[in-house]
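Notes for the one structure printed next.
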Amino acid sequence: MIRLVANAYEILIEIMMWVVLILGALQGYAVGPSFLGLVFGLLLALLFDVVVFGTLVILLEIRNDLRKIAQRTAPTL
């Protein structure tokens, strides 16, 4: 059950990151209806993704790495 929740959490984080990028690009285009506004909104959304969701992704990667280390060092019967 814990693995199911953790996997669902990973998927949810990835979906939210894509949604933020898309909404940032759309918002940038709405503010400055040109290619430059689109790129500016996309860059700001990417910065937001890195700051907010980046820490969560790093924690999930640490969790996955620890699980791999535990499986490698577990005694075999």
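Descriptive notes on the structure:
- Residue pairs whose Cβ atoms lie under 8 Å apart, sitting 6 or more positions apart in sequence or on different chains, and linking a residue in the range 51-77 that is surrounded by 12 or more Cβ atoms within 10 Å (Cβ to Cβ) to a partner that is of a type in the set (S, T, Y) and assigned to a helix (DSSP H, G or I), are L60/Y9.
- Any hit, the range 9-31, residues being exposed (fewer than 13 other Cβ atoms within 10 Å of the Cβ), on the phi < 0 side of the Ramachandran plot, small (G, A, S) and part of a loop (DSSP other than H, G, I, E, B): no
FYI, it's all coordinate maths here, none of it is from the lab. The shown structure was predicted, so the numbers you read here are calculated from the model rather than taken from an experiment. Note that we place each Cβ from the backbone using ideal geometry, even for glycine, and neighbour counts take in every protein chain shown.
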